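**Q** One structure coming up, written as structure tokens, with questions to follow.
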Amino acid sequence: MEEKLIIMDTTLRDGEQSAGVSFTAKEKIEIARQLERMGVDVIEAGFPHASGGDMEAVKAVAREIRNSAVCALARAVKVDIDAAWEGVSKAASPRIHVFINTSDIQMANQLKKRREEVLEQAEAMVKYAAGFTKDVEFSPMDATRSDPQFLFEIVRRCIDAGASTVNIPDSVGYAMPEEMEKLFQQIRMNIPNIHKTRLSVHAHNDLGLSTANALAAVRGGARQVEVTVNGIGERAGNTSLEEIVMAIDTRKSFFGLKTSINTREIYRTSKMVESFSGLSVQWNKAIVGKNAFRHSSGIHQDGILKMRQTWEIMDPEKLGIPLGTQLVMGKLSGRHAFKNKAAELGYELSESDLDAAFDEFKELADNKSTVDDRDIEAILSERFDKVEDPYWTLDHVQVSAGDKAAATATIRMIKKDGTTHQDAATGIGPVHAIYQAVNRITGFAPRLNEFSIQGITEGLDAQGEVTIRIEDKNRTFLGHGAHVDILVASARAYINALNKLLDSETHETVSVKGGLKGGQGDGTADNC
């Protein structure tokens, strides 16, 4: 049978100690409700003696929460313990958390007290707190830098004084995982009354090891972990709730433990704390980061499409992540992922069309960090809009333009028979110059009736989609073109329309010497 690991959340207390974070009373209540909904065992609601506002917030949480224990922090002094009890006395399950410095560096320089004085004070204040409630937690602050023998002695005396939970804090994030596991093993071996209490761990992330250290402590015998949502907290932060919970859940056979957390509430809780704290979750944050379940490598995408578990050890749905697994289309994406995305968007491509569309996608991905569905749909819709066997294909566009000189465009195109044709022309604007050069190459100059540009996506690297209408012999032909360079998109749209025109002229011989068909290119795009 799996043993339970108690989850104590200190987002409202230690999390609020993050520089720049100050939760309102209303926000604290909302977070507390969400923590209760998620199944957190103990909610550390604040430090009541710190301020009147904190006292009122702790009281409000204590009145509101019925299914989780509500804890208040107190220094090992009577005035703090009195305030802590005042704050949590109305809770369904109240807890007082008493702490005192125990490392030589902090006792000498912060408390200005000798070891014996600290021992007596801790013992007396834990006993005093136990007069209010049977649920008293004791923390020897900076335990991992404390002398082990002194640590064993203060823990022993505080257990006898009434501490039902003893928390071992790595207050400055100093310990290594191997040291943490060994310390908890030594505590269990060297303190004769340790069986009367629950061992807890509180780790900080100064060296990026808070989760590793907390899990090492669990391996050493800790059965409560103190955490914060998104790992927020003093300096580099605290042990992350979501990382601990999912490590225990994902590696059940390794730890042999369970928690009471409803994992489907993890993502919602993360977003709430992110919003209220103003601290953005880094994209590569484990479990709840934006990229945690997004895949951009072609090899990974191929594996995900075949079986999600090839590259994901957790199910994003189990975490309540609404978008689930995402394949991010970019320059590293493979043909398999692109084909799958095209199918999702409703396009069934032949192998030749897939190859051509994939080549266009790769070209676009080289110019954009992320290609979204709208970009891909533009590529696919443009391909479906093309003449099946086009007469002309754009090969190269070069434009020189400015407000003090006539625009000049050089165009290179490939004819249906495989020959390459190049020409140049000037115009009133760059688009006019491009179209004039195309007219010179193809021998056509239809009337341009409509020209419009629309951004497909947001941002400076967005594709532009150009739509045009040309007229010849009272027939209208629509052309589309998309590209990150709107001049290239303009050329593509024009050639697309011309190919449709030529496709309808299959039985006519087109000759430059015989004269240009249609108008003289004097449509609405002349000033583009």
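The values are calculated or read from the model by the stated rules, or taken from the named source; none is laboratory data. None of these values were measured; they are calculated from a predicted model. Here Cβ is always computed from backbone atoms with ideal geometry, including for glycine, and neighbour counts include all displayed protein chains.
**Q** Can we say GLN110 is under 28 Å from SER280 (Cβ atoms) and surrounded by fewer than 21 Cβ atoms within 10 Å (Cβ to Cβ)? Please lay out each step first, then the result.
**A** Values: under 28 Å from SER280 (Cβ atoms): no; surrounded by fewer than 21 Cβ atoms within 10 Å (Cβ to Cβ): yes.
No, not satisfied.
**Q** For region 217-231, which residues satisfy the criterion of being buried (at least 24 other Cβ atoms within 10 Å of the Cβ) and farther than 25 Å from GLY162 by Cα? If you could, list the steps in order and put the result at the bottom.
**A** To start, the set of residues in region 217-231 that are buried (at least 24 other Cβ atoms within 10 Å of the Cβ) comprises 217, 222, 225-231.
The answer is THR228, VAL229, ASN230, GLY231.
**Q** Also, I was wondering about something else. Could you please give the count of residues in region 253-280 that are β-branched (Val, Ile, Thr), in contact with a Leu (Cβ under 7 Å, 6 or more places away or on another chain) and outside any helix (DSSP H, G or I)?
**A** Result for region 253-280: 1.
**Q** Also, quick follow-up: Is it true that some residue in region 268-278 is at pLDDT 95 or above, more than 15 Å from ASP9 (Cα to Cα) and touching a helix residue (DSSP H, G or I) at 6+ places or on another chain (Cβ under 9 Å)?
**A** No, region 268-278 contains no residue that is at pLDDT 95 or above, more than 15 Å from ASP9 (Cα to Cα) and touching a helix residue (DSSP H, G or I) at 6+ places or on another chain (Cβ under 9 Å).
**Q** Right, here's the next one. HIS432 - would you say it is outside the structural domain of ALA342 (by TED's automatic domain parsing), loosely packed, with under 15 Cβ neighbours inside 10 Å, modelled with pLDDT of 85 or more and touching a strand residue (DSSP E or B) at 6+ places or on another chain (Cβ under 9 Å)? Steps first, answer last, please.
**A** On the way: outside the structural domain of ALA342 (by TED's automatic domain parsing): yes; loosely packed, with under 15 Cβ neighbours inside 10 Å: no; modelled with pLDDT of 85 or more: yes; touching a strand residue (DSSP E or B) at 6+ places or on another chain (Cβ under 9 Å): yes.
Taking the combined requirement at face value, the residue does not satisfy it.
**Q** Go through (1) part of a strand (DSSP E or B); (2) of a type in the set (Ser, Thr, Tyr); (3) modelled with pLDDT under 70 for THR524 and report which single condition fails.
**A** Checking THR524 against (1) part of a strand (DSSP E or B); (2) of a type in the set (Ser, Thr, Tyr); (3) modelled with pLDDT under 70, the one that fails is (1).
**Q** Does region 222-235 hold any residues that are in contact with an Asp or Glu (Cβ under 9 Å, 6 or more places away or on another chain) and outside any helix (DSSP H, G or I), and which are they?
**A** First pass over region 222-235, keeping only residues in contact with an Asp or Glu (Cβ under 9 Å, 6 or more places away or on another chain): 223-224, 226-235.
Listed by number, the residues that qualify are ARG223, GLN224, GLU226, VAL227, THR228, ILE232, GLY233, GLU234, ARG235.
**Q** Could I ask something else about it? May I ask you to verify whether ASP135 is more than 24 Å from GLU179 (Cβ to Cβ) and under 39 Å from the mean Cα position of the chain (by Cα)?
**A** Details: more than 24 Å from GLU179 (Cβ to Cβ): yes; under 39 Å from the mean Cα position of the chain (by Cα): yes.
The answer is yes for ASP135.
**Q** Looking at ASP373, ASP355 in this structure, which one is modelled with pLDDT under 85 and not assigned by TED's automatic domain parsing to the domain that holds VAL488? If you could, list the steps in order and put the result at the bottom.
**A** Values: ASP355 fails: modelled with pLDDT under 85.
Every option except ASP373 fails the conditions.
**Q** Give the number of residues within region 386-429 that are without any contact (Cβ under 8 Å) to a residue 12 or more places away in the chain and either within 21 Å of GLU363 (Cβ to Cβ) or surrounded by 14 or more Cβ atoms within 10 Å (Cβ to Cβ) (or both).
**A** Matching residues across region 386-429 total 1.
**Q** Continuing with this model, one more query. Pairs, please: C-beta under 7 Å, at least 6 apart or cross-chain, first residue assigned to a loop (DSSP other than H, G, I, E, B) and in region 154-172, second of a type in the set (A, V, I, L, M, F, W, C) and surrounded by fewer than 24 Cβ atoms within 10 Å (Cβ to Cβ)?
**A** Partner pairs satisfying both residue conditions: GLY162/ALA130; SER171/MET141.
**Q** Across region 173-200, what is the total count of residues that are within 31 Å of the chain's Cα centre (by Cα) and either free of Cβ contacts under 8 Å to residues at least 12 places away in the same chain or not assigned by TED's automatic domain parsing to the domain that holds PRO140 (or both)?
**A** 0
**Q** Take the conditions closer than 27 Å to GLU377 by Cβ, in contact with a strand residue (DSSP E or B) (Cβ under 9 Å, 6 or more places away or on another chain), surrounded by 15 or more Cβ atoms within 10 Å (Cβ to Cβ) and of a type in the set (A, V, I, L, M) and apply them to ALA445. Does it pass? Break it down stepwise before answering.
**A** Values: closer than 27 Å to GLU377 by Cβ: no; in contact with a strand residue (DSSP E or B) (Cβ under 9 Å, 6 or more places away or on another chain): yes; surrounded by 15 or more Cβ atoms within 10 Å (Cβ to Cβ): yes; of a type in the set (A, V, I, L, M): yes.
The answer is no for ALA445.
**Q** Would you please name the residue that is modelled with the highest pLDDT, looking only at residues in region 445-464 that are of a type in the set (D, E, K, R) and over 30 Å from the mean Cα position of the chain (by Cα)? Don't jump to the end; show me each part of the working.
**A** Kept after step one, since they are of a type in the set (D, E, K, R), are these residues of region 445-464: 447, 450, 458, 461.
Remaining after also requiring over 30 Å from the mean Cα position of the chain (by Cα): 447, 450.
Numbers: ARG447: 91, GLU450: 86.
Ranking the qualifying residues of region 445-464, first place goes to ARG447.
**Q** Taking only pairs six or more apart or across chains, which ones have beta-carbon atoms under 7 Å, a first residue in region 28-41 that is of a type in the set (Gly, Ala, Ser), and a second residue that is outside any helix (DSSP H, G or I)?
**A** Final answer for the pair search is ALA32/LEU12; ALA32/ILE43; ALA32/ALA45; ALA32/ILE65; GLY39/SER260; GLY39/ILE261; GLY39/ASN262.
**Q** Answer with yes or no whether PHE99 is touching a Phe, Trp or Tyr at 6+ places or on another chain (Cβ under 8 Å), aromatic (Phe, Trp, Tyr) and over 20 Å from ALA203 (Cβ atoms).
**A** Numbers: touching a Phe, Trp or Tyr at 6+ places or on another chain (Cβ under 8 Å): yes; aromatic (Phe, Trp, Tyr): yes; over 20 Å from ALA203 (Cβ atoms): no.
Here the answer is no, as PHE99 does not meet what is asked.
**Q** Would you pick out the residues in region 42-61 that are surrounded by 24 or more Cβ atoms within 10 Å (Cβ to Cβ) and free of Cβ contacts under 8 Å to residues at least 60 places away in the same chain? Quick ask: steps written out before the conclusion?
**A** So the first thing to find is which residues in region 42-61 are surrounded by 24 or more Cβ atoms within 10 Å (Cβ to Cβ), and the list is 42-48, 54, 57-58, 61.
If the condition is that a residue be surrounded by 24 or more Cβ atoms within 10 Å (Cβ to Cβ) and free of Cβ contacts under 8 Å to residues at least 60 places away in the same chain, then ILE43, ALA45, GLY46, PHE47, PRO48, ASP54, ALA57, VAL58, VAL61 are the ones that fit.
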